[in-house]
Structures are given as structure tokens and as C-alpha cells.
1. For Val194, list long-range residues whose amide hydrogen, built 1.01 Å from N in the peptide plane, is under 5 Å from its own amide hydrogen.
2. Per residue, how much accessible area does the chain show when a 1.4 Å probe rolls over the protein heavy atoms, in square angstrom?
3. Helix by helix, which DSSP H runs in the chain go 20 Å or more along their axis at the Cα atoms and have an average Kyte-Doolittle hydropathy of -1.0 or more?
4. Tell me the relative contact order for the chain as a rounded percent, counting alpha carbon contacts under 8 Å between residues six or more apart.
5. Given a 1.4 angstrom probe, I'd like the percentage of the accessible area of the chain that is carbon and sulfur, rounded to a whole number.
6. Under 1.5 on a/c is rounded, so check that first for segment 16-113, then, if it is not, pick prolate when a/b is larger than b/c and oblate when it is not; a ≥ b ≥ c are the square roots of the alpha carbon gyration tensor eigenvalues.
7. Give the residues of segment 30-46 whose amide nitrogen is closer than 20 Å to a point set 7 Å from the Cα of Met1 in the direction of its Cβ.
8. Return the whole-Å distance between the Cα centroid of segment 1-51 and the Cα centroid of segment 65-121.
Amino acid sequence: MQTLVEQARAFRDRVREQRDEFRRLAAGQSPQALFITCSDSRVIPALITQAKPGELFELRNAGHIVPPYHPARISGEAATIEYAVEVLGVRDVVVCGHSHCGAVGALARVENLDRLPAVRRWLAAAHPGRTRSGGVRSGGDQGVSPYAASDDPALRDAVQRHVLAQLDKLRRYPQVARRHACGLLRLHGWFYEVDTGAVWEHREGTWRPL
């Protein structure tokens, strides 16, 4: 923790040297995109995109999950999406999954999450399925699960399918659907490789390197 404290102090000193730029940021924000990604400490949106302060509006949670839209449900994710689209007027939304994702791995392997009941309930919302005692079941009676078991430690295919599932749910948010239909909002699916730094984007029905 002491290292982080020292780095925070050093950052404060750099801000003082760039006072005009940070005063401009204090006056308001106009980010280019809403970036939805995982809470994983290895995934740093500003590092991946080389974004400057004020360029990204971020939504992070375990497994980069977009909960199904429900107007009566209290949701920090829904509030963040609504604010980004309606108030900030972002023109792009990126859902970025990553390799070696623990959350998607738990879904793919139907891991025992008895000691993590909150995590189990949260991950159950990732795909129309059912929870069961001792683990998470992600398929159920809603069709084929995108979280097929895999021996690949990077979980590449499972994470990429997971990203597309979150984009599908995002399209059902009324403010997203409205602006997307008018051509005012673009949606992007990304996959970030932790061990190489490569980023892949889903375009024209397939995953292509940026």
C-alpha cells in the first residue's frame, strides 16, 4: 500500500505541473466512449487505449456483465449506461472482455461457489440460466450456453461469446436502442489478451485484430 501512497503523491505533483489541463477537466467531462469491462486488476482501460483523463467513461464489474434491462430494478450498471448515453452523449460503447477471466471461467467450468454466494448470484445474471447448489449453471432451458467447458486457460472462445451476449443485452436498453437506431451510437465488442496486449474486435461476424 505504501507504494500506492507514494505514487499518489507523485501524481499530485504532476497535476500541479499541468494545472491548466486539470482545471479544464474540473469544468466538466465529455468522454468519447463508455468502456464496459471487468474489475480485474490486470485490465486497465486507459492503458489499453492510451486514453487521456476525460476520454473514457468506465463501467467495471466482475465479469463485465450487463444486467438484463428492467425499469423497476435498482442497478448501478443501468444508471451508468443511462447517464453515459443520455447525459454525456457518448457516441461509442465498448464491451471489453479479457483472457484468463476468472468470472467467465467460473461459468464455463460450473465452479463450486458455495463460499461466494454473492458472486454466484451475480454470475447467474450473466446468461439466462439457473443457479444450482454448489455452482453456477449457465444454460438451463434457455438454449445452448455460450460458456462451453474448455481446457484453454485463456478461455478465449468463452469470453468472446460472453462479450457478444452482453452486447445483445445492451441493445435492449431503451436509450441505447433509440440512439443506435438513429445512427447516433455505435456498439463494439473487444477481447483483450492479458499476456500479449493484443486487442481483437468483433467485426462483420468475426473477431479481427485492431
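1. Ser99
2. Spelled out: the 1.4 Å probe surface of the chain, per residue, equals 56 Å².
3. TM-like helix candidates: 156-170.
4. 20 percent
5. 51 percent
6. Since a/c reaches 1.5 but b/c is at least a/b, the shape of segment 16-113 is classed as oblate.
7. Counting backbone N atoms under 20 Å from the label point, the list is 41.
8. A separation of 22 Å, based on Cα centres.
The values are calculated or read from the model by the stated rules, or taken from the named source; none is laboratory data. Since this is a predicted model, take the numbers as computed values, not measurements. All Cβ positions, glycine included, derive from the backbone under ideal geometry; neighbour counts span all protein chains shown. Ligands, DNA and RNA are excluded from the accessible area calculation, which covers all protein heavy atoms including side chains. Shrake-Rupley method; radii C 1.70, N 1.55, O 1.52, S 1.80 Å.
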